[in-house]
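Worksheet for the structure shown next.
The values are calculated or read from the model by the stated rules, or taken from the named source; none is laboratory data. Only a predicted model underlies this, so the values are computations on that prediction, with no experimental measurement involved. All Cβ positions, even for glycine, are placed from backbone atoms using ideal geometry, and neighbour counts span all protein chains on display. Note: areas computed on protein heavy atoms with side chains; ligands, DNA, RNA excluded. Shrake-Rupley method; radii C 1.70, N 1.55, O 1.52, S 1.80 Å.
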Amino acid sequence: MLAADIAIASRDTQDDNALWSIGDYWSMGFVTPRKDKNHQNAFLLAASQSHAATRVVFWRPLDTCDEEEDRRILRGVINYVVFAYGAAFGYHGPDRRGNAQIDFLPLPTPEQALPAPEAPPTSAAARVTLEAADGGSGASSFLPVVSPGSDPTSASWELRMDSYAVPEDDTTYICRHFEIPNVRTPRGGLNGGRMTACDGTRTGHGASSVKMHVTTWEAIIDNPRYVHHMIIYACSRKPDTPTQLYSCNSMDKACRAFYILWTPGGDKGFSPPEAGVAFGGDSGVNWVSLQVHYTNLELAKGIRDSSGFRLHASSVLRPYDMGVLTLGTIEFVIPPGNGSWSSAPNLCPKECTQRLPHPIKLVSSGFHMHTLGRRIITQWIRNGNELPPLGERKAFAFDYQVGVFVCFNFLSYYPRVPGFEICTSVRRRLDAALCTSVELTERLQDFASPATALALATDMQTKGELIMRPKLDAYATYQPACKPAPVPVFSNVTIRDGSAAAPRFKLAAVEPIPRCVL
């Protein structure tokens, strides 16, 4: 495993009197892990084994202060965990492993100077039914499969491929448009192919009149061996040519706002209790595009796939809408003959962040690079001082991507700022920074004529969406200070095959780390 901090527990299963032991290991590649040479920071508390399961409980500091061979366990942050088991110390194979996303130490939501949430519309708690105009198949109406939820104000949507024939090619990006489904309530209903909204007004066929919040979602993966990742992109308007199935190379510019992602290791996702991902009604998102990246390295034939997402939504709106801010760039000119090369920083300048109408609360960060990416960091500078990073990957591997190189961090946050979807450097043509919608970014870089580009750039500059020749002022670099947690004094407990009594120990109190606010 690449750059993996590992705890390995073991015992000799052939000896009934054999003791359990645990070791602190580190791996920098897809090789046999080795024990940390600096410090052993894993301490076994309990272990048991039966025919059905093996259970191991151990202790380690959240931060061992070992930057070389350990990873920090962050408070209030989702940690990506993998596990494996086997009869001996060796490769476990593809069927004896798993993964999970765990927030080991959730933090209480601190009070922040966020804008007061808007009062929900009068229809927000209305009983709703979601329907596909063609009976739910979505085959011709671009509507996802929908089903009622456990209470009258909730429903589930499925956005999936429809038995797609995976090409005999090593990599394929395929997209599919979906319209947010109809909503009807006890006060209204479908009538002659048109929908009556909660206030009695009529809306067009297929339109969604009630805003809803997606609060949890899960991936539906038919073929884990062939599905590399999936993304739901939000459309700012109806696509110019709504298409059931098309190559993602020809994605509509209006449908490129990053919304929901699945990658191996994260089968479920959720928003914080005070926010939700908004669709329908006046949210500005009534169409979406599902992208699925397939990898078929063996060029296998006859593979059919219906992977996608199941979204769980409610018309009882939470206080805030979620948003995604994309940081990064695809502009790279890598000189030949270099074994290692670092790009110039992609700058989201203060002129852009000062455009935010209010503070925003960060929920998560997700890095994405292609085949050449090895390390990535998002630095955060405020008032001349660099603060703790908004994310860092000291080792990165993401094989079997398309040829163009990218470097992105997708920051989930709330409250959502409409039209503030990407902050990126554009150096080749403009020497500028853009902080605007993805659609305008695409339009500016794919202009048909200099006059068209000039007119668009002038308008964006007037609105503060284009910053010419942005500069980074001098700042004091971040100097992390680490004080190792005291190692508990464990009682002498012999751990054989069975749960041991919990050792007695005390830990010094540690203050929780507040969430980030920009």
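Legend: distances between Cα atoms for K37/K483; K211/K253; K211/K238; K238/K268; K268/K301; pairs beyond 26 Å are K238/K268; K268/K301.
Rolling a 1.4 Å probe over the protein heavy atoms gives region 247-325 an accessible area of 36 Å² per residue.
Once you reduce region 70-92 and region 215-289 to the center of their Cα atoms, the two points are 29 Å from each other.
A Förster radius of 35 Å, combined with the Cβ-Cβ distance separating Y80 from N38, puts the computed FRET efficiency at roughly 0.90.
Using R0 = 35 Å, the C-beta based FRET efficiency linking A344 and L387 works out to 0.95.
Go ahead and collect, in residue order, the members of region 1-37 whose backbone nitrogen is under 12 Å from a label point 7 Å along the Cα-Cβ direction of A88. The answer is none. For A18 and Y478, a Förster radius of 56 Å and the Cβ-Cβ distance give a FRET efficiency of 0.75, rounded to the nearest 0.05. Here the spin labels are modelled as points 7 Å beyond Cα on the Cα-Cβ line, and at Q445 and S306 they lie 3.7 nm apart.
Approximating the spin labels as points 7 Å out from Cα along Cα→Cβ, the R97-to-M28 distance works out to 2.1 nm.
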